[in-house]
Amino acid sequence: MNNKIKAAVAGAVLASASVANAGITWDAGEWTVDMNGNVNAFAIINDSSDTEMAVGGLANTKSNDDTAASINTGLLPSWLGFTATTRQNDIDTSVTISFQPGASVTGGLGGGGAEEHRQAFLTFGDKSWGSVKVGKDLGIFGSTAILNDMTLLGVGSQGIVGTAGGTTTTLGRIGTGYIYADWNGQIAYTTPNMNGLSLTLGVMQPWNSTASGAVSEATTGSTDQFGFQGQGSYSWTGDFAGKVWAGFFSQEVTGGLNEDRAQAFEVGVSTSISNINLVAYGYSGEGVGTTALLRDGFDATGEMRDSDGGYVQATYVIPTGTKLGVSYGVSKLDDNAADAGDSLVKENTMLTIGAYHPLTKHLNLVAEYSNVEAEAHDTVSDAESNIFSVGAILFF
C-alpha cells in the first residue's frame with residue numbers, strides 16, 4: 001500500500017488533527033478545512049454449507065440456497081469527513097464531523113440504504129504537552145488492531161446479519177481476531193510523541209451489555225460510573241521499522257446477581273522490512289464478550305464469561321505494487337455452568353487471502369477470499385462460510 005493510501009486509511013478510520021491531511025484542503029479565514037473520505041463497493045458471493053449456526057457465530061447459514069450475492073461496501077463504510085483546524089493562543093484546535101452513507105438495500109423504495117454519523121469531536125493541544133479529544137470517535141481499545149487489519153481495504157466476514165447485502169459495512173476481521181473498537185463518546189488525553197513513545201487514556205461513555213439471539217442476559221451496563229480505556233505504543237523507523245502497543249478496557253457492569261468489572265487487555269506488534277509487513281495481535285478479557293464490547297460477556301445469572309483471541313498477518317508488495325496478504329485469526333468465548341447445553345458460540349475463526357492493487361495513488365482494486373467457521377459449545381450448531389469478493393475503494 002503506498003503512503004498516500006496509508007494516510008487516507010488512517011484518516012478514514014482514526015480521523016484527527018494529526019492525520020487529517022489526506023483530503024482536499026482550503027483556507028477559510030483563520031481556519032484550514034480538510035474534506036476527506038472514500039467510496040467503495042464490492043461484488044460479494046457468500047457460500048454457506050450449514051443450516052444451524054452458533055448463537056453469536058459469524059459464519060452464515062444457508063436457507064433456500066447455499067449461496068447469496070450482494071453489492072455492498074466493505075469493512076470501511078463510504079465516508080465523507082470534514083476537519084477544520086486552527087492555532088490560537090498557542091493552542092492547536094480542531095473539529096471533526098463525518099457522515100457514512102449507506103450503499104446497499106435489498107428491496108424497492110429503500111431510499112439508498114442506512115446512514116451513520118460516527119464522528120463528532122473536537123481536539124485541543126500543543127506538541128509540547130499533548131492533546132485532548134472531546135466527543136464521539138473510534139474507541140481506544142482495539143483501535144490499532146483494526147487499523148493494521150488488511151481487510152480494512154476489503155470485505156472479510158459478512159457477520160451475523162446475513163449474506164445478502166443491505167448493511168452499511170461488513171465485519172472484516174472484527175470478531176475473528178479482535179473485538180471492535182466501535183465509536184464511543186469520550187474525553188481522552190494523548191501525550192506528545194516522546195521519541196516514539198505515546199500514551200492515550202480515555203474516560204468513556206459506559207455501555208450496556210448485550211446478548212446475541214437466544215443467549216439470555218441478566219445484566220446491563222452501569223450508567224453511574226464511566227468506562228476507561230487506554231493504550232501505550234512505541235514506534236521506530238529505519239530499514240526495520242515497526243510499532244508495538246498494549247492497551248486495556250475497564251467498565252463496571254451491574255445487574256442480575258452480581259456487580260462486576262468487565263476488563264480486557266491487549267498487546268500487538270507490526271514490523272516492516274523491505275516489502276514485507278508482519279502483524280501479531282492478542283487480547284484476553286473477563287466480561288467483555290466477543291465481536292463487540294460487552295456482547296455475550298455475561299450469562300443469565302450475571303456471571304462473567306472469559307474470552308480471548310488474536311490474529312497473525314503477513315503481507316508482501318510485489319514489483320507491480322500489488323500487496324498480497326494472508327491472515328488468520330480466532331476469537332474465543334468460554335461458557336459457564338449456566339450455559340450448559342446452549343448453542344453459544346465457542347469460537348469464530350477466519351482465514352483470509354487478499355490482493356490489493358493500487359491502480360492510482362488514490363484508487364485500489366481489491367480481491368479477497370475468506371473462510372469463516374463458527375463452532376458452538378454444544379458441538380452441533382457449527383457453520384462455515386466461504387466468501388469471495390472483488391471491488392474497488394477510492395480515497396480522497
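Is one or more of the residues making up region 303-322 among the hydrophobic types (A, V, I, L, M, F, W, C), more than 26 Å from residue 356 (Cβ to Cβ) and more than 22 Å from the chain's Cα centre (by Cα)?
Yes, because at least one residue in region 303-322 is among the hydrophobic types (A, V, I, L, M, F, W, C), more than 26 Å from residue 356 (Cβ to Cβ) and more than 22 Å from the chain's Cα centre (by Cα).
Please return the ranges of strands (runs of 3 or more DSSP E) entirely within region 341-396 where 1 or more residues are touching a Lys or Arg at 6+ places or on another chain (Cβ under 6 Å).
345-358, 363-376
I'd like the residue in region 96-115 that is over 15 Å from residue 39 (Cβ atoms) and touching a Ser or Thr at 6+ places or on another chain (Cβ under 7 Å) and, out of all such residues, is modelled with the lowest pLDDT.
Only one residue fits best here, namely 114.
Please tell me if residue 277 is surrounded by 20 or more Cβ atoms within 10 Å (Cβ to Cβ) and without any contact (Cβ under 8 Å) to a residue 40 or more places away in the chain.
In short, yes.
Of 249, 228, 265, which residue is assigned to a strand (DSSP E or B) and either modelled with pLDDT under 90 or in contact with an Asp or Glu (Cβ under 9 Å, 6 or more places away or on another chain) (or both)?
After applying the criteria, what remains is 249.
The values are calculated or read from the model by the stated rules, or taken from the named source; none is laboratory data. Just so it is clear, the model here is predicted, and its values are computed rather than measured. Glycine also receives a Cβ, built like all others from the backbone with ideal geometry; neighbour counts cover every protein chain displayed.
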